[in-house]
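Below is one structure; the comments refer to it alone.
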Amino acid sequence: RAASALTGTGGGRVVQVRAAREGVVVRRSASVGQQVTAEEILVEVADPSHMWAMLDVPDAEAPRLRLGQRVTVAMDGIPTPFEAPLAWLSPVVDPRTRTVQARVELANADGQLRANAFGRARVAVGSALAGVVVPRDAVQRVGAEEVVFVARSPVAYEARVVVVALRTPRAVQLAAG
């Protein structure tokens, strides 16, 4: 009404806009005097008491992730890390970055987290490798099989077919062979 009085249009129709839920206005795209339709978004309201941390996981590491695994998220500028279970894992690999998105839902009652902030995450994927573990480069592909070459003497090696149980960036755990 005040804007209508200042611009001389006076007596314009005033519409009260109510949000469907409680929250904080994070964006307002409407301005005084603007004509809008029912399809336009006038105001965006968010609940900052819960935030999502979106993780970009390298494609090679994604098979090790499972819903419910504990994730520790350290945000830049916040001294205390956040912990929560892995809540979602995308079934799609981004063709440009070769990463898989994962999501952690973080409690933010004190409002420390901010949208679009950067941080680092660690996912607890299980205990350390046990059993026969070899360097990743030791496993070679020969035809359709994976093999490890075992020294029989200083000049002779024997190829042994192996079954890989788990791969990490540096090591391979063998299930058989």
**Asked** Which order do Thr37, Thr168, Thr72 take when ranked by solvent-accessible area (1.4 Å probe, heavy atoms of all protein chains), largest first?
**Response** Thr37, Thr72, Thr168
**Prompt:** How large is the accessible surface per residue of the stretch 79-177, computed with a 1.4 Å probe and reported in Å² as a whole number?
**Reply:** 71 Å²
**Prompt:** Roughly how many percent of the accessible protein surface of the chain is carbon and sulfur, given a 1.4 Å probe and a whole-percent answer?
**Reply:** 53 percent
**Prompt:** Considering only DSSP states other than H, G, I, E and B, which chymotrypsin sites (Phe, Trp or Tyr not before Pro) in the stretch 88-177 qualify as loop sites with at most 14 other Cβ atoms within 10 Å?
**Reply:** Phe118
**Request:** Extending each Cα 7 Å along its Cβ direction at Val26 and Arg98, get the distance between those two points in nm, one decimal.
**Result:** 3.2 nm
**Asked** Within the chain, what is the longest stretch that has no GluC sites (Glu not before Pro) placed in a DSSP loop and near at most 14 other beta-carbon atoms within 10 Å?
**Response** 41-177
**Request:** Report Rg (one decimal) and Dmax (nearest whole number) for the stretch 33-177, counting Cα atoms only, units Å.
**Result:** 22.9, 88
**Request:** With springs only between Cα atoms under 10 Å apart, run a GNM on the chain and tell me which of Val73, Val150, Val125 wobbles the most.
**Result:** Val150
**Message:** Assuming 0.36 nm per residue, please report the length gained on full extension of the stretch Ala159 to Val36 beyond their Cα-Cα distance.
**Reply:** 37.0 nm
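The values are calculated or read from the model by the stated rules, or taken from the named source; none is laboratory data. Everything quoted here is computed from the prediction, not taken from an experiment. Backbone-built Cβ (ideal geometry, glycine too); neighbour counts: all protein chains shown. SASA here: full protein model, heavy atoms, side chains in, ligands and nucleic acids out. Shrake-Rupley method; radii C 1.70, N 1.55, O 1.52, S 1.80 Å.
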